[in-house]
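**Student:** Pasting a structure here, questions to come.
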Amino acid sequence: MYPYQIAPMMGWTDKHFRYLMRVLGGDQFLLFSEMVTVNAIAYGDAHRYLEKSDIEGDVVLQIGGSNLQRVAESIKQAEAYNYCGYNLNVGCPSDRVQNAKIGACLMAEGKLVAKILSVMQDHTDKPVSIKTRVGIDGVDSYDYFRSFVDEVLESGCHTWIVHARDAWLKGLSPRQNRSIPPLRYEYPYRLKQELPHLHVSLNGGLVDKETIEGSLEKVDAVMLGRAAYQNPRLIHELGGLNESYESLLHTYIQYIHENLNDLQLRRLIAPLVIALMGYHGAKSDRARLAMCRKPSEVRMVLDNLSLPQ
Ligand SMILES: Cc1cc2nc3c(=O)[nH]c(=O)nc-3n(C[C@H](O)[C@H](O)[C@H](O)COP(=O)(O)O)c2cc1C
(Lines give C-alpha, C1' and ligand atoms only; values in the text may rest on other atoms or scores of the structure.)
Protein backbone atom coordinates (compact mmCIF):
# COMPACT_ATOMS: atom_id res chain seq x y z
CA MET A 1 0.00 0.00 0.00
CA TYR A 2 1.37 3.40 -0.97
CA PRO A 3 0.92 6.29 1.48
CA TYR A 4 1.45 8.88 -1.27
CA GLN A 5 0.05 9.30 -4.75
CA ILE A 6 0.89 11.73 -7.54
CA ALA A 7 -2.37 12.98 -9.08
CA PRO A 8 -3.35 12.54 -12.70
CA MET A 9 -2.65 15.90 -14.37
CA MET A 10 -3.18 16.63 -18.05
CA GLY A 11 -0.17 18.33 -19.54
CA TRP A 12 2.09 17.09 -16.72
CA THR A 13 1.95 13.44 -15.72
CA ASP A 14 3.29 11.86 -18.88
CA LYS A 15 5.93 9.12 -18.76
CA HIS A 16 8.81 11.57 -18.33
CA PHE A 17 7.30 13.49 -15.42
CA ARG A 18 6.27 10.22 -13.80
CA TYR A 19 9.81 8.93 -14.07
CA LEU A 20 11.13 12.05 -12.32
CA MET A 21 8.57 11.50 -9.55
CA ARG A 22 9.71 7.88 -9.21
CA VAL A 23 13.35 8.99 -9.02
CA LEU A 24 12.66 11.66 -6.37
CA GLY A 25 10.01 9.82 -4.34
CA GLY A 26 11.17 6.21 -4.61
CA ASP A 27 8.76 3.43 -3.82
CA GLN A 28 6.54 5.45 -1.49
CA PHE A 29 4.49 6.83 -4.39
CA LEU A 30 1.78 5.42 -6.58
CA LEU A 31 1.74 7.28 -9.89
CA PHE A 32 -1.19 8.12 -12.17
CA SER A 33 -1.34 8.83 -15.90
CA GLU A 34 -2.98 11.91 -17.38
CA MET A 35 -6.66 11.30 -18.07
CA VAL A 36 -7.12 9.47 -21.37
CA THR A 37 -10.64 9.57 -22.76
CA VAL A 38 -12.18 6.41 -24.12
CA ASN A 39 -12.78 8.29 -27.38
CA ALA A 40 -9.08 9.07 -27.69
CA ILE A 41 -8.32 5.37 -27.27
CA ALA A 42 -11.05 4.33 -29.73
CA TYR A 43 -10.42 6.94 -32.45
CA GLY A 44 -6.96 8.36 -31.75
CA ASP A 45 -3.42 7.08 -31.67
CA ALA A 46 -4.05 4.76 -28.70
CA HIS A 47 -0.39 3.78 -28.40
CA ARG A 48 0.65 7.40 -27.96
CA TYR A 49 -1.83 7.86 -25.11
CA LEU A 50 -1.17 4.56 -23.38
CA GLU A 51 2.59 4.35 -23.70
CA LYS A 52 4.53 3.87 -20.47
CA SER A 53 7.89 2.48 -19.56
CA ASP A 54 8.75 -0.13 -16.94
CA ILE A 55 11.25 2.13 -15.17
CA GLU A 56 8.30 4.19 -13.89
CA GLY A 57 7.23 1.35 -11.61
CA ASP A 58 3.58 1.18 -10.59
CA VAL A 59 1.34 3.51 -12.61
CA VAL A 60 -2.46 3.63 -12.66
CA LEU A 61 -4.14 4.54 -15.94
CA GLN A 62 -6.93 7.09 -15.54
CA ILE A 63 -9.70 6.94 -18.10
CA GLY A 64 -12.55 9.34 -18.78
CA GLY A 65 -15.75 8.11 -20.37
CA SER A 66 -19.26 6.81 -19.91
CA ASN A 67 -19.96 4.86 -23.09
CA LEU A 68 -19.88 1.34 -21.71
CA GLN A 69 -18.73 -0.33 -24.89
CA ARG A 70 -15.86 2.10 -25.36
CA VAL A 71 -14.92 1.77 -21.70
CA ALA A 72 -14.70 -2.00 -22.16
CA GLU A 73 -12.64 -1.63 -25.35
CA SER A 74 -10.29 0.85 -23.69
CA ILE A 75 -9.54 -1.44 -20.77
CA LYS A 76 -8.97 -4.36 -23.16
CA GLN A 77 -6.46 -2.30 -25.16
CA ALA A 78 -4.78 -0.90 -22.07
CA GLU A 79 -4.17 -4.40 -20.66
CA ALA A 80 -1.21 -4.71 -23.05
CA TYR A 81 0.59 -1.79 -21.36
CA ASN A 82 1.32 -3.15 -17.89
CA TYR A 83 -0.54 -0.57 -15.79
CA CYS A 84 -0.99 -1.67 -12.19
CA GLY A 85 -4.63 -0.53 -12.05
CA TYR A 86 -7.30 1.66 -13.59
CA ASN A 87 -9.06 4.77 -12.34
CA LEU A 88 -12.24 6.48 -13.47
CA ASN A 89 -12.30 10.28 -13.63
CA VAL A 90 -15.42 11.67 -11.96
CA GLY A 91 -13.86 15.00 -11.07
CA CYS A 92 -13.01 16.98 -14.20
CA PRO A 93 -15.36 19.98 -14.57
CA SER A 94 -14.36 21.30 -18.02
CA ASP A 95 -17.13 22.11 -20.55
CA ARG A 96 -15.50 19.93 -23.17
CA VAL A 97 -15.65 16.78 -21.07
CA GLN A 98 -19.13 17.59 -19.73
CA ASN A 99 -20.42 17.63 -23.31
CA ALA A 100 -19.01 14.13 -23.77
CA LYS A 101 -20.53 13.01 -20.41
CA ILE A 102 -17.15 12.59 -18.79
CA GLY A 103 -15.82 13.76 -15.43
CA ALA A 104 -17.56 15.57 -12.57
CA CYS A 105 -20.97 15.76 -14.31
CA LEU A 106 -21.21 12.00 -13.65
CA MET A 107 -21.69 12.74 -9.95
CA ALA A 108 -25.32 13.36 -10.86
CA GLU A 109 -25.53 9.78 -12.18
CA GLY A 110 -24.32 7.43 -9.48
CA LYS A 111 -25.98 4.38 -11.02
CA LEU A 112 -24.26 4.98 -14.35
CA VAL A 113 -20.92 5.42 -12.56
CA ALA A 114 -21.49 2.07 -10.84
CA LYS A 115 -22.10 0.46 -14.24
CA ILE A 116 -18.94 2.00 -15.72
CA LEU A 117 -16.86 0.73 -12.81
CA SER A 118 -18.41 -2.72 -13.12
CA VAL A 119 -17.53 -2.85 -16.81
CA MET A 120 -13.97 -1.81 -15.98
CA GLN A 121 -13.73 -4.55 -13.35
CA ASP A 122 -15.19 -7.12 -15.74
CA HIS A 123 -12.33 -6.53 -18.18
CA THR A 124 -9.36 -6.70 -15.85
CA ASP A 125 -8.09 -8.49 -12.76
CA LYS A 126 -6.27 -5.34 -11.67
CA PRO A 127 -7.63 -2.96 -9.05
CA VAL A 128 -10.16 -0.37 -10.25
CA SER A 129 -10.60 2.93 -8.42
CA ILE A 130 -12.63 6.13 -8.70
CA LYS A 131 -11.47 9.74 -8.37
CA THR A 132 -14.30 12.04 -7.45
CA ARG A 133 -15.26 15.40 -5.99
CA VAL A 134 -17.45 15.79 -2.90
CA GLY A 135 -20.31 17.42 -4.76
CA ILE A 136 -21.34 19.34 -7.86
CA ASP A 137 -22.91 22.71 -8.53
CA GLY A 138 -22.91 24.03 -5.00
CA VAL A 139 -24.63 21.00 -3.49
CA ASP A 140 -22.15 20.96 -0.68
CA SER A 141 -23.30 18.54 1.99
CA TYR A 142 -21.95 15.31 3.42
CA ASP A 143 -25.33 13.63 2.86
CA TYR A 144 -25.17 14.34 -0.88
CA PHE A 145 -21.62 12.98 -1.08
CA ARG A 146 -22.51 9.91 0.97
CA SER A 147 -25.58 9.09 -1.14
CA PHE A 148 -23.40 9.24 -4.28
CA VAL A 149 -20.89 6.90 -2.61
CA ASP A 150 -23.67 4.48 -1.64
CA GLU A 151 -25.01 4.32 -5.20
CA VAL A 152 -21.55 3.72 -6.62
CA LEU A 153 -20.67 1.05 -4.05
CA GLU A 154 -23.13 -1.22 -5.88
CA SER A 155 -20.21 -1.78 -8.27
CA GLY A 156 -18.03 -3.18 -5.50
CA CYS A 157 -15.36 -0.54 -6.16
CA HIS A 158 -13.76 0.07 -2.78
CA THR A 159 -10.87 2.35 -3.67
CA TRP A 160 -11.79 6.02 -3.50
CA ILE A 161 -9.75 9.10 -4.23
CA VAL A 162 -11.60 12.16 -3.05
CA HIS A 163 -10.71 15.64 -4.29
CA ALA A 164 -12.30 17.29 -1.29
CA ARG A 165 -14.00 20.13 -3.16
CA ASP A 166 -17.31 20.61 -4.80
CA ALA A 167 -17.08 21.08 -8.63
CA TRP A 168 -19.07 23.96 -10.12
CA LEU A 169 -20.04 22.90 -13.61
CA LYS A 170 -21.16 26.36 -14.64
CA GLY A 171 -19.45 29.67 -14.08
CA LEU A 172 -15.97 28.47 -13.07
CA SER A 173 -13.05 27.40 -15.26
CA PRO A 174 -11.25 24.13 -14.46
CA ARG A 175 -8.47 26.19 -12.89
CA GLN A 176 -10.88 28.15 -10.67
CA ASN A 177 -12.56 24.86 -9.79
CA ARG A 178 -9.29 23.78 -8.17
CA SER A 179 -9.17 26.75 -5.80
CA ILE A 180 -12.49 28.56 -5.31
CA PRO A 181 -14.81 25.84 -3.94
CA PRO A 182 -13.82 25.37 -0.28
CA LEU A 183 -11.92 22.30 0.87
CA ARG A 184 -13.97 19.80 2.89
CA TYR A 185 -11.42 17.36 4.30
CA GLU A 186 -14.01 16.38 6.89
CA TYR A 187 -16.04 14.52 4.20
CA PRO A 188 -13.43 11.91 3.23
CA TYR A 189 -12.37 11.64 6.89
CA ARG A 190 -15.95 10.86 7.88
CA LEU A 191 -16.38 8.46 4.98
CA LYS A 192 -13.37 6.47 6.18
CA GLN A 193 -14.73 6.47 9.72
CA GLU A 194 -18.17 5.24 8.63
CA LEU A 195 -16.91 2.71 6.06
CA PRO A 196 -13.50 1.59 7.31
CA HIS A 197 -13.26 -1.21 4.74
CA LEU A 198 -12.95 1.38 1.94
CA HIS A 199 -9.49 2.52 0.86
CA VAL A 200 -9.82 6.31 0.98
CA SER A 201 -7.30 8.75 -0.39
CA LEU A 202 -7.50 12.48 0.29
CA ASN A 203 -6.69 15.00 -2.44
CA GLY A 204 -6.78 18.80 -2.67
CA GLY A 205 -4.56 21.60 -1.40
CA LEU A 206 -1.98 19.40 0.33
CA VAL A 207 1.35 21.23 0.20
CA ASP A 208 3.24 20.64 3.45
CA LYS A 209 4.60 17.62 5.25
CA GLU A 210 2.86 18.33 8.54
CA THR A 211 -0.67 18.46 7.07
CA ILE A 212 0.07 15.44 4.92
CA GLU A 213 1.28 13.34 7.84
CA GLY A 214 -1.70 14.49 9.93
CA SER A 215 -4.12 13.43 7.18
CA LEU A 216 -2.55 9.99 6.99
CA GLU A 217 -3.84 9.34 10.49
CA LYS A 218 -7.40 9.69 9.19
CA VAL A 219 -7.30 8.21 5.68
CA ASP A 220 -5.28 5.51 3.91
CA ALA A 221 -3.35 7.68 1.46
CA VAL A 222 -2.91 11.23 0.24
CA MET A 223 -2.75 12.39 -3.36
CA LEU A 224 -0.64 15.39 -4.33
CA GLY A 225 -1.35 17.38 -7.47
CA ARG A 226 0.13 20.81 -8.11
CA ALA A 227 2.64 20.47 -5.25
CA ALA A 228 4.40 17.83 -7.36
CA TYR A 229 5.41 20.36 -10.00
CA GLN A 230 5.43 23.51 -7.87
CA ASN A 231 7.66 21.99 -5.17
CA PRO A 232 9.31 18.71 -6.25
CA ARG A 233 11.57 18.96 -3.17
CA LEU A 234 8.48 17.99 -1.15
CA ILE A 235 8.28 14.71 -3.09
CA HIS A 236 11.91 14.03 -2.19
CA GLU A 237 11.28 14.94 1.46
CA LEU A 238 8.30 12.57 1.70
CA GLY A 239 10.04 9.76 -0.16
CA GLY A 240 12.79 9.59 2.46
CA LEU A 241 15.53 8.35 0.13
CA ASN A 242 19.13 8.57 1.36
CA GLU A 243 20.42 10.19 -1.84
CA SER A 244 20.38 13.99 -1.97
CA TYR A 245 17.85 15.83 -4.13
CA GLU A 246 20.66 17.07 -6.35
CA SER A 247 22.16 13.63 -6.93
CA LEU A 248 18.72 12.29 -7.90
CA LEU A 249 18.35 15.10 -10.43
CA HIS A 250 21.57 13.82 -12.00
CA THR A 251 19.81 10.47 -12.48
CA TYR A 252 17.09 12.27 -14.41
CA ILE A 253 19.72 14.18 -16.40
CA GLN A 254 21.25 10.85 -17.41
CA TYR A 255 17.76 9.76 -18.54
CA ILE A 256 17.46 12.90 -20.68
CA HIS A 257 20.78 12.11 -22.35
CA GLU A 258 19.55 8.59 -23.12
CA ASN A 259 16.29 9.87 -24.62
CA LEU A 260 17.41 12.97 -26.49
CA ASN A 261 16.01 11.61 -29.73
CA ASP A 262 12.49 11.69 -28.22
CA LEU A 263 10.27 13.61 -30.61
CA GLN A 264 8.70 15.53 -27.74
CA LEU A 265 11.87 17.19 -26.52
CA ARG A 266 10.02 19.84 -24.55
CA ARG A 267 8.13 17.26 -22.52
CA LEU A 268 11.36 15.39 -21.83
CA ILE A 269 13.07 18.46 -20.37
CA ALA A 270 10.00 20.11 -18.72
CA PRO A 271 10.24 18.01 -15.51
CA LEU A 272 13.88 19.02 -15.04
CA VAL A 273 13.12 22.69 -15.75
CA ILE A 274 10.72 22.83 -12.80
CA ALA A 275 12.94 20.68 -10.57
CA LEU A 276 16.04 22.87 -10.87
CA MET A 277 15.50 24.83 -7.67
CA GLY A 278 17.04 25.74 -4.35
CA TYR A 279 20.77 26.07 -5.17
CA HIS A 280 23.02 28.89 -6.31
CA GLY A 281 22.57 29.33 -10.08
CA ALA A 282 19.27 27.41 -10.29
CA LYS A 283 17.39 30.32 -11.80
CA SER A 284 19.82 30.72 -14.66
CA ASP A 285 20.00 26.92 -15.22
CA ARG A 286 16.21 26.81 -15.50
CA ALA A 287 16.04 29.73 -17.90
CA ARG A 288 18.75 28.33 -20.18
CA LEU A 289 17.22 24.85 -20.26
CA ALA A 290 13.73 26.21 -20.92
CA MET A 291 15.05 28.00 -24.03
CA CYS A 292 16.41 24.82 -25.65
CA ARG A 293 14.76 23.64 -28.84
CA LYS A 294 17.24 21.08 -30.17
CA PRO A 295 18.99 18.04 -28.63
CA SER A 296 22.40 19.67 -29.20
CA GLU A 297 21.32 22.76 -27.21
CA VAL A 298 20.02 20.58 -24.39
CA ARG A 299 23.29 18.65 -24.27
CA MET A 300 25.28 21.87 -24.06
CA VAL A 301 23.16 23.30 -21.22
CA LEU A 302 23.20 20.02 -19.27
CA ASP A 303 26.98 19.81 -19.52
CA ASN A 304 27.30 23.28 -17.98
CA LEU A 305 24.74 23.29 -15.16
CA SER A 306 25.57 24.86 -11.78
CA LEU A 307 23.67 21.98 -10.11
CA PRO A 308 25.92 20.50 -7.37
CA GLN A 309 26.93 16.82 -7.73
C1 LIG B 1 -2.74 20.99 -14.79
C2 LIG B 1 -3.73 20.06 -14.13
C3 LIG B 1 -4.27 19.02 -14.86
C4 LIG B 1 -5.17 18.11 -14.24
N5 LIG B 1 -5.62 17.03 -14.94
C6 LIG B 1 -6.37 16.09 -14.29
C7 LIG B 1 -6.71 14.85 -14.91
O8 LIG B 1 -6.31 14.55 -16.04
N9 LIG B 1 -7.49 13.98 -14.20
C10 LIG B 1 -7.92 14.25 -12.93
O11 LIG B 1 -8.61 13.42 -12.31
N12 LIG B 1 -7.60 15.39 -12.32
C13 LIG B 1 -6.82 16.30 -12.95
N14 LIG B 1 -6.42 17.42 -12.29
C15 LIG B 1 -6.81 17.60 -10.89
C16 LIG B 1 -5.75 17.00 -9.97
O17 LIG B 1 -5.64 15.61 -10.16
C18 LIG B 1 -6.10 17.28 -8.49
O19 LIG B 1 -7.32 16.64 -8.20
C20 LIG B 1 -6.25 18.76 -8.20
O21 LIG B 1 -5.18 19.51 -8.78
C22 LIG B 1 -6.30 19.02 -6.69
O23 LIG B 1 -5.12 18.58 -6.07
P24 LIG B 1 -3.95 19.63 -5.64
O25 LIG B 1 -4.62 20.71 -4.84
O26 LIG B 1 -3.00 18.80 -4.84
O27 LIG B 1 -3.37 20.19 -6.90
C28 LIG B 1 -5.55 18.32 -12.89
C29 LIG B 1 -4.99 19.38 -12.17
C30 LIG B 1 -4.08 20.24 -12.78
C31 LIG B 1 -3.46 21.35 -11.95
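**Student:** Would you mind finding the one in TYR49, TYR43 that is open to solvent by 30 Å² or more (accessible area, probe 1.4 Å), more than 16 Å from the ligand (Cβ to nearest atom) and more than 20 Å from CYS157 (Cα to Cα)?
**Tutor:** Being open to solvent by 30 Å² or more (accessible area, probe 1.4 Å), more than 16 Å from the ligand (Cβ to nearest atom) and more than 20 Å from CYS157 (Cα to Cα) holds for just one of TYR49, TYR43, which is TYR43.
**Student:** Tally the residues that are in contact (Cβ under 8 Å) with a residue 40 or more places away in the chain and open to solvent by 20 Å² or more (accessible area, probe 1.4 Å), restricting the search to segment 15-26.
**Tutor:** Summing the residues that are in contact (Cβ under 8 Å) with a residue 40 or more places away in the chain and open to solvent by 20 Å² or more (accessible area, probe 1.4 Å) in segment 15-26 gives 2.
Every residue, every condition in (1) within 13 Å of the ligand (Cβ to nearest atom); (2) under 19 Å from the mean Cα position of the chain (by Cα); (3) open to solvent by less than 50 Å² (accessible area, probe 1.4 Å), yes or no:
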residue	(1), (2), (3)
SER66	no, no, yes
ARG70	no, no, no
PRO93	yes, yes, yes
GLN98	no, no, yes
ASP137	no, no, no
SER141	no, no, yes
GLY171	no, no, no
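**Student:** If you check TYR229 against the conditions, is it in contact (Cβ under 8 Å) with a residue 60 or more places away in the chain, within 26 Å of VAL301 (Cβ to Cβ) and within 16 Å of the ligand (Cβ to nearest atom)?
**Tutor:** So TYR229 passes the test.
**Student:** May I ask you to say which residue of LEU216, LEU224, LEU195 is within 11 Å of the ligand (Cβ to nearest atom), assigned by TED's automatic domain parsing to the domain that holds PHE148 and either open to solvent by 10 Å² or more (accessible area, probe 1.4 Å) or closer than 23 Å to LEU24 by Cβ (or both)?
**Tutor:** Of the residues listed, the single one that is within 11 Å of the ligand (Cβ to nearest atom), assigned by TED's automatic domain parsing to the domain that holds PHE148 and either open to solvent by 10 Å² or more (accessible area, probe 1.4 Å) or closer than 23 Å to LEU24 by Cβ (or both) is LEU224.
**Student:** Could you give me the residue pairs with C-beta distances under 7 Å whose first residue belongs to segment 247-260 and is more than 19 Å from ARG293 (Cβ to Cβ), whose second residue is among the β-branched types (Val, Ile, Thr) wherever it lies, and which are 6+ apart or on separate chains?
**Tutor:** LEU248/VAL23; THR251/VAL23; TYR252/VAL23
The values are calculated or read from the model by the stated rules, or taken from the named source; none is laboratory data. Keep in mind the model is a prediction, meaning the values are calculated, not measured. No Cβ is skipped: glycine too gets one built from the backbone with ideal geometry, and neighbour counts run over all protein chains shown. Protein only, heavy atoms only, side chains kept; ligands, DNA and RNA dropped before computing areas. Shrake-Rupley method; radii C 1.70, N 1.55, O 1.52, S 1.80 Å.
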